[in-house]
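A.B. asks: A single structure is presented below for examination.
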Amino acid sequence: PPSYFVETLGSDVPVGSGVVVYDLGGGTFDATVLRRSGTGFDVLAVDGADDLGGLDFDQALAEHVAASVQPEDERWQRLTAPIERADLRHRTAFLEEVRQAKERLSRSTSTDLTIPLLDIDAHLTRDELESVAAPLIERTVRITQGVIRESGLPKDQLAGLFLVGAASRMPLVATMLHRELGLAPAAIEQPELAVSEGGLVAQALASSPPPVPSPALPPQVTSQPAGPTVPMAAPGMPTPGGPMPPGSPMPTPGAPMPPHMTGPIQTPASMPGAPLPPAQSGGGVGAWLKSKTGMITVGAAGLAVVLVLALILVPGLIGDSEDGTGSNEGDTAAEQPDEEAAETEDADSGSGESDSSQAGTGEESGTAELDSAVVGDPVLLEEGAHVGTVRAVETAVVGGEAVGITAGDDNIIRVWGLSSGELLGEYRGHKEPVVDLVVTADGDRPVVLSTDTYEEHVWYLDDYTTVSQPREANTGDFFWVGEVDGTPAYADDYSIYQAFTGAEIDTTSTSYASFWTLAEIDGTLRGVGVEENRVFVSDLETGEYIGATFDQQSSEVVAARFGVVDDVPVMFTADAAGTIQGWDLTSGEKYGPALSEQYQTVEEIELVDVGDGVQVLVRGTQGLSLFDFETGEPVTGMFAQYTDADALMAVEVADVDGHPVAVTGSGEGTVAAWSLNTNPCLLYTSLS
């Protein structure tokens, strides 16, 4: 498949970069991570499921139809559990109707299908298909996340996510992958033909003489993550870095205040579990090929053959090493994670003392004093604060002190004093890379929810002691955190859960959307999000949109942020063209002028209130930029600029003794805080 995407579609995959191949076929699923070298693609990791494919989606959708269309009709028994030959034919015809309806719903929002034996037509919508398919797709996403972790490649070195297999054409597949992995999938009109057409490309390339590389082309070099190796504590054993003074928590700047509800919240009935696939019989070679072992063995071997045939004869199309021998520095990169792991193991076998003293000792030269810093000045700069990529950043207030909380690939969560610039402590309860975290409150104590995709942990910020046993993660991303009826809670894109137990709060309906959160509008808690480039407000009991969706730009929405500006609930959106617009959620009209980021692609937006107006902070593909929302003009030039290897991965806003700062984490483990103070005379107040 990579040969087809690279050679036929012109996808840019530099030497040293990796690609993810997501192959969801009729009966099996597999995910593979490959890295491009000077002579082709090297397989770094592969995994899959031999019991998950298009047939399972068909079966789940068929069960949904049977449960929702005249379920009391006794003839359903003959369709779902046929015995007579005639009924077997009816079942075959019914499953074919379901399959065709599923495919039509990839191109339209609704369709009809005929139910044989019952002799009636049923109406299906894309929303129904997605509610049925979401748990199955979520399983493939988890497998893909595991393969990426196993490959050892940081996110900034992944150049593409390629969708292969007929079942991957469902729109929800690309949407969920984009949301969970942060990679925009490359889809084609006929993904089921990628392998066969890739073979044709390989044959054409093999029969053509290799081009002579130009001596003027410089060699391509892949930067490696920097920073010292941090020895790890024993798995599952949190090591306090020293207690922090207890104090009253404050809401995270730029995030909505935790809503308080006067009545009970209800959530949707649990999504249907993964249905059993149609019964299959037989064994021998066919059964082995369908098994996970057979699938991985044959899939990896076949993929390797296709890649070698397609690319081994055309090193000029890929790039040569500096000496022209075709050697590749990517091989050294592949060995680096193992070397780091070995160093970590050696360190752990030493004295056993906490190594928190080794963190926070990075370069601090070039930082400004907080009192005199102006927008763009670094006030905290810790290179190598984490080993690997910083995946999540949060801010909070503990004992009257503003803190930054950072987490990433080294499994460690670190807490930084933003006024002192010192490392205050660590949480080491996770065994896998931490992908997200949020801060809420338990009375007057700040509480952190953190997840590594497999486990969720809940712990206090003032003593780092878990208040619940690690539990299986409900989600890889926290979309919202606050209170429901006085109970700390959080939400993903499917449901709302109790923070301390992870139990789902009953009978609330949440619709899957590209961006989604909860917000109090006119005194009522609502769902607010962006779907198909339109902002919407939804009722939490029914999941239905309230009023008309707001007109939106033609370009894809790439970032969104909710805030309250002058007591008006506003959703800010940024599109692929760099236009940032506010939307009044009570009137459905545009709020304020449109901002224009012309120099970089927007990846995240945050809101800052500096006392005399709102400012919009942009994290983009090149750095940070700040805009005055009242005038629509840039406040200053771009700052916190970085190289591709050290891209900013996350940003949060904080108030440090009346001084606004942006806390960032990077691809090479750097933690920094940047002044956002445009006028030292103005008192900063955090946005609701």
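The values are calculated or read from the model by the stated rules, or taken from the named source; none is laboratory data. Owing to the predicted nature of the structure, the values given are computational and were not obtained by experimental measurement. We place every Cβ from the backbone using ideal geometry, glycine too, and count neighbours over all the protein chains shown.
A.B. asks: When you check I405 against the structure, is it surrounded by 22 or more Cβ atoms within 10 Å (Cβ to Cβ), touching a Phe, Trp or Tyr at 6+ places or on another chain (Cβ under 9 Å) and touching a residue at least 60 places away in the same chain (Cβ under 8 Å), yes or no?
C.D. replies: The answer is no for I405.
A.B. asks: Answer yes or no: is there a residue in the stretch 551-558 that is assigned to a strand (DSSP E or B), touching a strand residue (DSSP E or B) at 6+ places or on another chain (Cβ under 8 Å) and within 24 Å of E652 (Cα to Cα).
C.D. replies: yes
A.B. asks: Among the residues of the stretch 424-452 satisfying the criterion of being of a type in the set (A, V, I, L, M) and outside any loop (DSSP other than H, G, I, E, B), which is surrounded by the most Cβ atoms within 10 Å (Cβ to Cβ)?
C.D. replies: Here the answer is V439.
A.B. asks: Restricting attention to the stretch 125-139, does a residue exist that is surrounded by fewer than 17 Cβ atoms within 10 Å (Cβ to Cβ) and part of a strand (DSSP E or B)?
C.D. replies: yes
A.B. asks: Given T451, T466, which one is within 16 Å of the chain's Cα centre (by Cα) and among the polar types (S, T, N, Q)?
C.D. replies: T451
A.B. asks: Then there is this: Could you tell me which residue of the stretch 33-48 is nearest to the chain's Cα centre (by Cα), considering only residues that are of a type in the set (D, E, K, R) and surrounded by fewer than 24 Cβ atoms within 10 Å (Cβ to Cβ)?
C.D. replies: Across the stretch 33-48, the extreme among qualifying residues is D47.
A.B. asks: For the stretch 482-513, give me each residue that is at pLDDT 80 or above and farther than 16 Å from L525 by Cα.
C.D. replies: Q498, A499, F500, T501, G502, A503, E504
A.B. asks: Do you know which residues across the stretch 514-539 are touching a strand residue (DSSP E or B) at 6+ places or on another chain (Cβ under 7 Å), outside any loop (DSSP other than H, G, I, E, B) and either modelled with pLDDT under 85 or aromatic (F, W, Y) (or both)?
C.D. replies: If the condition is that a residue be touching a strand residue (DSSP E or B) at 6+ places or on another chain (Cβ under 7 Å), outside any loop (DSSP other than H, G, I, E, B) and either modelled with pLDDT under 85 or aromatic (F, W, Y) (or both), then F515, W516, F536 are the ones that fit.
A.B. asks: Considering the stretch 103-123 alone, what residues qualify as being buried (at least 18 other Cβ atoms within 10 Å of the Cβ) and farther than 15 Å from A66 by Cα?
C.D. replies: Listed by number, the residues that qualify are L105, T111.
A.B. asks: I'd like to know if the stretch 102-115 contains one or more residues that are assigned to a helix (DSSP H, G or I), modelled with pLDDT of 90 or more and not assigned by TED's automatic domain parsing to the domain that holds T144.
C.D. replies: yes
A.B. asks: Of the conditions (1) out of contact with any Phe, Trp or Tyr (no Cβ under 8 Å at 6 or more places or on another chain); (2) assigned to a loop (DSSP other than H, G, I, E, B); (3) of a type outside the set (D, E), A574 clears all except one; give me its number.
C.D. replies: (2)
A.B. asks: How many residues does the stretch 74-98 hold that are surrounded by fewer than 12 Cβ atoms within 10 Å (Cβ to Cβ) and either outside the structural domain of T111 (by TED's automatic domain parsing) or in a loop (DSSP other than H, G, I, E, B) (or both)?
C.D. replies: Final tally of qualifying residues: 4.
A.B. asks: Checking E589 against (1) surrounded by fewer than 15 Cβ atoms within 10 Å (Cβ to Cβ); (2) modelled with pLDDT of 85 or more; (3) under 18 Å from L676 (Cβ atoms), which single condition isn't satisfied?
C.D. replies: Status for E589: all satisfied but (3).
A.B. asks: Something else: Among (1) out of contact with any strand residue (DSSP E or B) (no Cβ under 9 Å at 6 or more places or on another chain); (2) more than 18 Å from E668 (Cβ to Cβ), which single condition is A402 missing?
C.D. replies: (1)
A.B. asks: Given A499, A503, which one is touching a residue at least 24 places away in the same chain (Cβ under 8 Å), within 26 Å of Y427 (Cβ to Cβ) and assigned by TED's automatic domain parsing to the domain that holds H430?
C.D. replies: Answer to the check: A499.
A.B. asks: Please determine, by comparing only the residues of the stretch 453-471 that are at pLDDT 90 or above and surrounded by 22 or more Cβ atoms within 10 Å (Cβ to Cβ), which one is nearest to G665 (Cα to Cα).
C.D. replies: L461
A.B. asks: Next question, about the same structure. Given the options L423, L437, L418, name the one that is assigned by TED's automatic domain parsing to the domain that holds D477 and closer than 20 Å to A491 by Cα.
C.D. replies: Checking each option against the conditions leaves just L437.
A.B. asks: Within the bounds of the stretch 382-400, is there any residue that is in a strand (DSSP E or B) and surrounded by fewer than 22 Cβ atoms within 10 Å (Cβ to Cβ)?
C.D. replies: no
A.B. asks: Is it true that some residue in the stretch 550-571 is outside the structural domain of M176 (by TED's automatic domain parsing), in contact (Cβ under 8 Å) with a residue 40 or more places away in the chain, on the phi < 0 side of the Ramachandran plot and acidic (D, E)?
C.D. replies: No, every residue in the stretch 550-571 fails to be outside the structural domain of M176 (by TED's automatic domain parsing), in contact (Cβ under 8 Å) with a residue 40 or more places away in the chain, on the phi < 0 side of the Ramachandran plot and acidic (D, E).
A.B. asks: Please work out if I496 is over 23 Å from the mean Cα position of the chain (by Cα) and either aliphatic (A, V, I, L, M) or within 26 Å of R142 (Cβ to Cβ) (or both).
C.D. replies: So I496 does not fit the description; no.
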